[in-house]
Amino acid sequence: MATDVRIRTWFAGVLALALLCVAPVVHAGDPASGQRIVEKWCSQCHAQTGAETNADRGPTYEQIASREGRDERYIRAFLDRDHFPMTTYRLFDHEKDDVAAFIASLRRR
Ligand code: HEC
């Protein structure tokens, strides 16, 4: 009997540990971090707010976020592709999450 309980306790412990290990690391994008990233890497072409008037630059993130269908999901997927005329860039996946959260947050409600 005592052995039975000990085995069960042991098993519950192992199970709990295993669950902790496989628990998916859910990373919700952090807009504040996204803002720092775009300031560093993207400001050559994109202002953050307002409407861009210089034809040599890209639209502002506020303009982008206000386009049809530009939700966080769309923007996150867009960041996995190369984007012309920007030269190839590499952001970590968690940075892309942050950037997408930041841009999506600029959508006018
Ligand atoms: C060399 C200039 C340049 C740089 C640098 C640049 N972009 Fe862009 N980007 C553009 C242009 C031009 C467009 C406009 C195309 C358009 O109107 O959809 C654009 C469009 C976008 C869009 C909108 C896509 C859509 O489908 O609506 C997003 C999002 C975006 N850029 C994000 C970024 C991010 C994030 C960075 C930095 C990692 C970045 N861009 C750096 C020029 C640039």
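The values are calculated or read from the model by the stated rules, or taken from the named source; none is laboratory data. Since the model is a prediction, treat every value here as computed from it, not as a measurement. Neighbour counts run over all protein chains shown; Cβ positions are idealised from the backbone, glycine included.
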Restricted to the stretch 76-100, and to residues that are within 6 Å of the ligand (Cβ to nearest atom) and not hydrophobic (A, V, I, L, M, F, W, C), which residue is nearest to the chain's Cα centre (by Cα)? 89
Between a first residue in the stretch 83-96 that is at pLDDT below 85 and a second residue that is assigned to a loop (DSSP other than H, G, I, E, B) and near the ligand (Cβ under 7 Å from one of its atoms), which pairs have beta carbons less than 7 Å apart while being 6 or more apart in sequence or on different chains? 86/45
Say whether the condition of being more than 10 Å from the ligand (Cβ to nearest atom) and without any contact (Cβ under 8 Å) to a residue 12 or more places away in the chain is met by at least one residue in the stretch 57-72. no
